[in-house]
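Working notes, beginning with the structure itself.
All of the numbers you see were taken from the coordinates with simple rules; none came from a lab. Since the model is a prediction, treat every value here as computed from it, not as a measurement. Cβ sites come from the backbone with ideal geometry, for glycine too, and all protein chains shown count toward neighbours.
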Amino acid sequence: MGKNYYTTGEVAKIIGISQKTVKNYCDKGLLISENTPITGYRRIPHANLESFLHAHGISLNILERQEKVKKVMVVDDEESIVKLFTTLLREIDAKLLIETAANGYEACVKAGIFIPDAIILDLHMPKADGFEVLRNIKSINATSHAEFLVCTGYATSENIAALKPYNVFRVLQKPVDIDEFIRNVKTMLGMDALQQAVQ
């Protein structure tokens, strides 16, 4: 069935209207929402959103398309690299959900919450290096499915050999060739299939 609850912002993106309009629908009782027990934030149960879509003649396939959106995490301690990769990812597909981390420790913490489909990973970083990130994320059931595109200035034969047990998708040497980066990201994410699914 997908998600159990949606925020007003998520519903706005799914339907293609403003968040203010979604809130107005909720206030008027056209879209039945409820408040979270602790924070009091408004959320819309999946069944209520389905009922709203059906009542307004909107295909439920719109939810399936939304749920196929890929999530990508960019992990690098160089801010300029993070900005570059994030920009390229948005150019590849503006619907991608993107999270970033500036070191290995932050990446491990955020990955457990974000649950990325793919991670673009540097190897040499403070607090925890790329190998620590790989070990951590691959050892946890919720994140073990994530694909890794390693982008490093140290694509040595030793490092490549050390990466083999983790079955990373590809290793790219920095400075990364832009066309090669885009090509590998699209292949890693199965972007041709994704683009067909959301059309």
* Using the per-residue mean of other Cβ atoms lying within 10 Å as a proxy for protection, in what order, highest first, do the peptides 135-146, 101-112 fall? -> 101-112, 135-146
* Structure fact -> Sparse-neighbourhood loop hits (trypsin sites (Lys or Arg not before Pro), the stretch 1-54; DSSP loop; Cβ within 10 Å at most 10 others) -> Lys28
* Structure fact -> Interchain or sequence-distant (5+) residues whose placed amide H lies within less than 5 Å of the amide H of Ile119 are Met73, Glu147, Phe148, Leu149
* Asked: Using 7 Å Cα-to-Cβ label points, what is the Asn159/Arg42 separation (nm, one decimal)?
  -> 4.9
* **Answer label, with volume of the Cα convex hull per residue in Å³ calculated from the coordinates and candidates (i) 220; (ii) 139; (iii) 159** => (ii)
* Asked: Using a simple charge model, +1 on the beta-carbon of Lys and Arg, -1 on the beta-carbon of Asp and Glu, nothing else, what dipole does the chain show about its Cα centre, in debye to the nearest 20?
  -> 660
